[in-house]
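**Student:** Following this message is one structure expressed as structure tokens.
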Ligand SMILES: [Ca+2]
Ligand SMILES: [Ca+2]
């Protein structure tokens, strides 16, 4: 029996398994991660951070225009211009327009993939940090109950469609829980998100959680003196590294976290200059925030404590 068939199992909401076991990024794939580094699994794969590479390579969109950035959204904030010259249609949540299904205000400024149509697809380079079975959820809005998507990894044959529940409206959002179960091998993969049926839905992100993983322990406060003792030896890192402007120019690499730990350090301090990276509306670019996530994730994975230190208050106007 193939590994695909062995992995088939049923979920309360859906009967879906997608397998990427043992597969690798196809050698003829020419897309590059938008952030300069792959999106991490477990974690959230942000729909708007599909790979760089263009029509036919990293996406297939029905028309070359971005219906959101630069067309619906004509302002001059970074979210209005986000990837505006690419065919994939991107917009963002707005105060007074986007709500949760319970009627509360949705968090504004979250970029999402919209104007979806059957036959369209987008690709993402992802890094699976731990092999295992993952539960897939999606933060979405949808005004149809007939929409279906499909996830495939590294071109392996996908097992079936994933039905997306309706939220009643394009601008009503929810986290649709446990939509599918996927079994993934550790390492780099290319994930393809395809729109199969209907459209009329928007996706903010897909969430991947290891199946059976227990919830994080409850937070317990730590005395400052105990915290200082635990921090041990520390070192300042990457305050002035060009990675904050462009990840591809980074001098600090992933391997350096492990080397710092192996060198006898227990703590790193990030000297951030977040305020100088804000736009005129005092918002931080999601790429900058994603870089910060990358640094913290990898430091923690190398058993380093992290101090996040905003260093440049003089730039506050
Ligand atoms: Ca388009
Ligand atoms: Ca998003």
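The values are calculated or read from the model by the stated rules, or taken from the named source; none is laboratory data. Since we're looking at a predicted model, the values are computed, not measured. Note: ideal-geometry Cβ built from the backbone for every residue, glycine included; neighbour counts use all protein chains shown.
**Student:** Given (1) away from ligand 1 (no atom under 15 Å from the Cβ); (2) at pLDDT 95 or above, where does residue 145 come up short, assuming only one miss?
**Tutor:** (2)
**Student:** Looking at segment 98-113, which of its residues are within 16 Å of ligand 2 (Cβ to nearest atom) and in contact with a strand residue (DSSP E or B) (Cβ under 8 Å, 6 or more places away or on another chain)?
**Tutor:** Answer for segment 98-113, where residues must be within 16 Å of ligand 2 (Cβ to nearest atom) and in contact with a strand residue (DSSP E or B) (Cβ under 8 Å, 6 or more places away or on another chain): 98, 100, 106, 108, 109, 110, 111, 112, 113.
**Student:** Checking residue 133 against (1) closer than 30 Å to residue 154 by Cα; (2) surrounded by 22 or more Cβ atoms within 10 Å (Cβ to Cβ), which test does it fail?
**Tutor:** Checking residue 133 against (1) closer than 30 Å to residue 154 by Cα; (2) surrounded by 22 or more Cβ atoms within 10 Å (Cβ to Cβ), the one that fails is (2).
**Student:** When you go through 57, 88, 79 one by one, which is the residue that is within 13 Å of ligand 2 (Cβ to nearest atom) and modelled with pLDDT of 95 or more?
**Tutor:** Details: 57 fails: within 13 Å of ligand 2 (Cβ to nearest atom); 79 fails: modelled with pLDDT of 95 or more.
One residue alone meets the criteria, 88.
**Student:** Are any residues in segment 55-69 within 14 Å of ligand 1 (Cβ to nearest atom), surrounded by fewer than 18 Cβ atoms within 10 Å (Cβ to Cβ) and in a loop (DSSP other than H, G, I, E, B), and if so, which ones?
**Tutor:** Of everything in segment 55-69, those that are within 14 Å of ligand 1 (Cβ to nearest atom), surrounded by fewer than 18 Cβ atoms within 10 Å (Cβ to Cβ) and in a loop (DSSP other than H, G, I, E, B) turn out to be 56, 62, 63, 64, 65.
**Student:** Restricting to segment 116-130, name every residue that is away from ligand 2 (no atom under 15 Å from the Cβ), surrounded by 15 or more Cβ atoms within 10 Å (Cβ to Cβ) and within 23 Å of residue 200 (Cβ to Cβ).
**Tutor:** 120, 121, 123
**Student:** Still on this model: For a quick check of your reading of the model, give me the residue pairs whose first member lies in segment 46-64 and is under 17 Å from residue 285 (Cα atoms), whose second is away from ligand 1 (no atom under 15 Å from the Cβ) and assigned to a helix (DSSP H, G or I), with beta-carbon atoms closer than 9 Å and at least 6 apart or on different chains.
**Tutor:** Going by the 9 Å Cβ cut-off, the qualifying pairs are 46/286; 46/290; 48/286; 49/286; 49/287; 49/290.
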